[in-house]
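Please read the structure below before turning to the comments.
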Amino acid sequence: MNIIQRILHRPFFIKLFNWEYWSFNAVYGWILPIWILLCLRARSFFFFSASNPKIDNGGFLLESKMKIYELIPPEYFPATVLVKPGEAANAILARVRDKGIRFPLIAKPDIGARGRGVKIIDNETDLISYLGHFPFDMVVQDLVAYANEIGIFYYRYPSNTSGKISGIVGKEFLSVRGDGISTIEELILKNKRAVLQLPVLKKSLGTRLKEVLPVGIEETLVPYGNHARGSLFLDCSHYIDPELEAVINRICKRIPDFYFGRLDIRYESLESLKQERAFSIIELNGAGSEPTHMYDPRHSLLFAWKEIIRHWILLWRISRQNHKRGIAYMAYADGIKMHRDTRAYDRTLAEATEREMSTASAEFVPL
């Protein structure tokens, strides 16, 4: 790379010239007056809590993944176990085995936060060590083997018998392809998306960063479809058709009082998903869902603002309809507490994740 390319590959300039990496406040601050207007029209700053009545806080913040899974028909999501802090190792492993969950498996906090703490675990010893770093409820889950992942944004007005898909995001996991010469670290430095993940990758990959990948061999660096962890998000809304919409409607209508949110789905092929087979819902997000198809690098910030506002208005309309049906809005004091608890939880989760990663890095054994 020449000097200009090296400068443009520095994290500061990557973030500066690509809005998808901007902070939440930098993206949302400009359109905040529209959110405030919707709050005033609803006469509640927490109107969103009425959007999905069966989900904690409507799925805006601090919602339990396990409680959401319990709403979903079991054939639609992977085998899952909730682990409480301090639970005995033997009891945890017994419940994991009883559920038929095999290694490697996925483990993550029951209350998520931008992909923090999500990890693939290879054996029982590592699982118990991993869980010991987190002082709150954790989820242990079957690792879904399907290669493809999408996020389908769905909404349904309570007065309607069927809903609509408002956007679909396709996800490409962060990876590098070998050239037979460069080390994994050198390949990362050539990839703008991977460069931003380098501090974390140094801890997760350890000395593997010095490994040279053979020509054409692709190495998945982060096997999770999370934008904050480096996945490329692509707008796949062209997948929407009556057949797919009918399938998603059938699925979502089996989830009690679910009206607004995003389903993150692993699947074998688009054809199999349309036939309602060979797929699994790995996450269901409620009122706090973003229309993540907006993060496609081909889209402008203006497009993102339009999509955010469009979905805010859908959320407002659905919440208003549920409110008229007797669903109360969250009290102001409860809403303020929710935000305070979220900030405290995020700090604790960040610290626990850092401890876990530091320990894993220290214990890393080269291949």
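The values are calculated or read from the model by the stated rules, or taken from the named source; none is laboratory data. In this text, all values refer to a predicted model and were calculated from it rather than measured experimentally. All Cβ positions, glycine included, derive from the backbone under ideal geometry; neighbour counts span all protein chains shown.
For this structure, a couple of remarks:
- Tabulated pairs, region 147-172, first closer than 16 Å to residue 279 by Cα, second in a loop (DSSP other than H, G, I, E, B) and at pLDDT below 95, C-beta under 6 angstrom, 6+ apart or interchain: 149/225; 171/225; 171/231
- Filtered by the rule that a residue be part of a loop (DSSP other than H, G, I, E, B) and either of a type outside the set (A, V, I, L, M) or modelled with pLDDT under 95 (or both), region 97-113 gives 99, 100, 102, 103, 104, 110, 112, 113.
- Selection status of residue 216, surrounded by fewer than 16 Cβ atoms within 10 Å (Cβ to Cβ), of a type in the set (Gly, Ala, Ser) and touching a strand residue (DSSP E or B) at 6+ places or on another chain (Cβ under 8 Å): yes
- Test result for residue 315, of a type outside the set (Val, Ile, Thr) and within 13 Å of residue 50 (Cα to Cα): yes
- Taken over region 114-145, residues that are in a loop (DSSP other than H, G, I, E, B) and either surrounded by 15 or more Cβ atoms within 10 Å (Cβ to Cβ) or not polar (S, T, N, Q) (or both) amount to 15.
- Condition check for residue 54: among the charged types (D, E, K, R), part of a loop (DSSP other than H, G, I, E, B) and surrounded by 12 or more Cβ atoms within 10 Å (Cβ to Cβ): yes
- Test: residue in region 25-34 that is within 21 Å of residue 290 (Cβ to Cβ), of a type in the set (Phe, Trp, Tyr) and either in contact (Cβ under 8 Å) with a residue 40 or more places away in the chain or in a helix (DSSP H, G or I) (or both): yes
- Only one of the listed residues (16, 82, 61, 37) is in contact (Cβ under 8 Å) with a residue 40 or more places away in the chain and outside any loop (DSSP other than H, G, I, E, B). That residue is 82.
- Qualifying position, being touching a residue at least 60 places away in the same chain (Cβ under 8 Å), crowded, with 16+ Cβ neighbours inside 10 Å and more than 25 Å from residue 70 (Cβ to Cβ), among 313, 308, 282: 308
- Note on region 43-78: residues that are over 23 Å from residue 268 (Cβ atoms) and hydroxyl-bearing (Ser, Thr, Tyr) total 4.
- Against the conditions (1) over 30 Å from residue 238 (Cβ atoms); (2) touching a Leu at 6+ places or on another chain (Cβ under 8 Å), residue 283 satisfies every one except (1).
- Within region 152-225, helices (runs of 4 or more DSSP H) holding 3 or more residues that are within 22 Å of the chain's Cα centre (by Cα): 192-195, 198-205
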